[in-house]
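Novice: Starting off with a structure, shown below.
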């Protein structure tokens, strides 16, 4: 829109512009008053406006000129059009309105009348509208129905830039042949969204020395994150809810789980996901770049993030999700109060230990330890932590029997007590403990209990 109005202004047209805002969508005549207080309106027309609306009523006190139904009287709408029509006899006039989906009802009614008069004037009206905006009220429905049926009205759907379009823009920006630029990577990250692409260019200039060799990195930073949030806030509020749910889940759940996480119905969820994919923010339902997810997460308050991660953990566990996926949300929420938490965190830690993902295993166990309800649980967690903290050696997993025996031994049970508790022989207990000592790199029961005691002191002070 800015590029278009810049060109027509340079060609000699008078541009009257306005922009809708979600924060002001219920302010009567908010859009219309922007148009008629634009500097391009000549002094003679300002004088005419002053006679029509003494004391600046249109701008300063719209309630004074509205009817009981909250609309501008038809006569006043006709008078406003007369101002525009008279101006267009002297110079072409362009009415430019951005984000019309946030237009107030009184302004939309006036613009509808203007639209019906355009055919016989030198006035052009250009508006932008987000396709993501959900339900329409009566004024918005009338706007679409009445304006689109005008024979001179045209709707143009703007698609994201193609890979070739991205290459052309980068070529103009960096002064290099398109064939020498990594357009595919820049297109992949931006999805062809011009706002995101310009943000990537800004981040590139801010983060590098401008060397052409660094172009391939297509850095996504602060400007890119701001652009992602701008795209989300300009659309329907449901877009932001969907984006936040996706950022929390990070690919760990289904579309059904996403709907339940944010309390959305199926049709709106599907439609908003389609919009986010079409506008380049998502690729097959996933954020195109980690910086996009980080920007969305950063805008969620810590309390809300924790609440959403806890709910995601409960839903995933109820759906039979893996311990690892559930534990990821528990760790992110720093919360082990769920009924399933202790078992899930221990299982996830054991799996992470097998895969040499020691930092995640340690996070799970640090969270699980204070939540333990008895010495046996605390001992089992302490043993796992001892293995995680071991710098090298055999990290093969303890069997269930070895783990039970070691946990009981660490919490002070004798071999005979362990045998009675597990319904096995003392000899079998000794075999389990011998293998456990070797795997845990401890020299016997005293070492095992000392390691357990140190871990408990760390967790409980």
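Here, each number is a calculation from the coordinates, and none is a lab measurement. Please read all numbers here as calculations on a predicted model, not as lab measurements. In this analysis, Cβ positions are derived from the backbone assuming ideal geometry, glycine residues included, and neighbour counts consider all displayed protein chains.
Novice: Tell me, what is the percent relative contact order of the chain, built from C-alpha pairs under 8 Å that lie six or more residues apart?
Specialist: The normalised contact order for the chain reaches 9 percent.
Novice: If you don't mind, another one. Take every Cα-Cα pair in region 181-326 and report what % of them are more than 24 Å apart.
Specialist: In whole percent, the share of Cα-Cα pairs in region 181-326 beyond 24 Å is 35.
Novice: Would you report the distance distribution of C-alpha pairs in region 238-318 as whole percents per 5 angstrom bin, up to the bin with the largest distance?
Specialist: 3, 16, 29, 26, 19, 6, 0
Novice: How big is D for region 311-401, in µm² s⁻¹ as a whole number, if Stokes-Einstein is applied with the Kirkwood radius of its Cα pairs at 25 °C and 0.890 mPa s?
Specialist: 188
Novice: Round to the nearest 10 and give me the degree value, 0 to 90, for the angle of helix 302-318's Cα axis relative to the longest principal axis of the chain.
Specialist: On a 0 to 90 degree scale, this one is about 60.
Novice: Further, regarding this structure: Angle, helix 323-333 long axis vs. longest principal axis of the chain, Cα atoms, 0 to 90°, nearest 10?
Specialist: Its long axis makes an angle of about 60 degrees.
Novice: Report Rg(Cα)/(2.2 N^0.38 Å) for region 71-127, keeping two decimals.
Specialist: 1.10
Novice: Sort 409-417, 362-370 for me by packing, meaning the mean count of neighbouring Cβ atoms within 10 Å per residue, highest on top.
Specialist: Put in order of decreasing packing, that is 362-370, 409-417.
Novice: Between residue 149 and residue 450, with labels modelled 7 Å along Cα→Cβ, what's the label distance in nm to one decimal, could you check?
Specialist: So the two model labels end up 9.0 nm from each other.
Novice: Arrange the peptides 146-156, 5-15, 437-447 so that the one whose residues have, on average, the most other Cβ atoms within 10 Å appears first.
Specialist: Result, highest mean first: 437-447, 5-15, 146-156.
Novice: Shifting gears a bit: How large is log10 of I(q)/I(0) for the chain at q = 0.07, 0.09, 0.11, 0.14 Å⁻¹ when the intensity is taken from the Debye formula with one equal scatterer per alpha-carbon?
Specialist: Each listed q corresponds, in turn, to -0.58, -0.78, -0.98, -1.25.
Novice: A further question on this structure: Relative contact order for region 238-318 using alpha-carbon pairs under 8 Å, separation at least 6, rounded to a whole percent?
Specialist: Over region 238-318, the number comes to 42 percent.
Novice: If you fit an axis through the alpha-carbon atoms of helix 138-148 and take the longest principal axis of the Cα set of the chain, what angle between them do you get, 0 to 90°, nearest 10?
Specialist: Tilt relative to the chain: about 60 degrees.
Novice: May I pose another question? Based only on the alpha carbon positions, what is the Kirkwood hydrodynamic radius of region 281-440, in angstrom?
Specialist: On the way: mean 1/r = 0.0577 Å⁻¹.
For region 281-440, the Kirkwood estimate is 17.3 Å.
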